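The values are calculated or read from the model by the stated rules, or taken from the named source; none is laboratory data. Bear in mind that the values here come from a model prediction, so they are computed numbers and not experimental data. Virtual Cβ from ideal backbone geometry, glycine too; neighbours counted across all protein chains shown.
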Amino acid sequence: MNPLEAAVLIAAFALVLHRVVQSQLERLCDPAYLRRQGIVVVVEEVLQAHSAAIGSYKGRSIWGSVTFMGVEYRFDHVLSPLRKERLAPGELYLEPGLLYVTGQARLPGARA
C-alpha cells in the first residue's frame, strides 16, 4: 500500500467516525430520546426551571418539580446513588439522590 492509499483509508475511517459521533450528539439534543433513556443530572444549572422547595436532602433542596429540555418532571422519591445507572424511561436523577419522573404516568417499559 502506497502512502496515498493509506491517507485515503485513514480519511475514510475518520469520516465514518465523525459521522457516528455527530449522530450520537444529535440524539442528546432530542428530549424524546432522553426520556426514553432516563437522565442523570449532576449540575443543577442545566435545569431550565424548578418549583418551590418541598424539603431538603443532604443539604440540597427537593423541588416539587423541575424542567429539563422543555419537559417537566415531578419529584417521586429518594434513590441510592448506586442505582442511578439503572434509570427507567421517563426518570430524571438529580444529585445527590433525588428521582423525578415525567408528568405522564410511567412510560411503557418502565419499572413499576
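Points worth noting:
- Leading residue by the ranking (modelled with the highest pLDDT) among those in the range 99-112 that are surrounded by 14 or more Cβ atoms within 10 Å (Cβ to Cβ) and assigned to a loop (DSSP other than H, G, I, E, B): R106
- Boolean, R60 is farther than 19 Å from G90 by Cα, surrounded by 10 or more Cβ atoms within 10 Å (Cβ to Cβ) and in contact with a helix residue (DSSP H, G or I) (Cβ under 9 Å, 6 or more places away or on another chain): yes
- Listed by first and then second residue, the pairs linking a residue in the range 66-82 that is under 18 Å from R36 (Cβ atoms) and in contact (Cβ under 8 Å) with a residue 40 or more places away in the chain to a residue that is part of a strand (DSSP E or B) and of a type in the set (S, T, N, Q), with Cβ atoms under 9 Å apart and 6 or more places separating them unless they lie on different chains, are V71/T102.
- Of all the residues in the range 68-98, those that are more than 15 Å from V43 (Cβ to Cβ) and assigned to a strand (DSSP E or B) number 9.
- Checking S65 against (1) surrounded by 10 or more Cβ atoms within 10 Å (Cβ to Cβ); (2) more than 13 Å from L92 (Cα to Cα); (3) of a type in the set (S, T, Y), the condition it does not meet: (2)
- Pick from the range 1-56, criterion hydroxyl-bearing (S, T, Y) and closer than 19 Å to T102 by Cα, ranking: surrounded by the most Cβ atoms within 10 Å (Cβ to Cβ): S51
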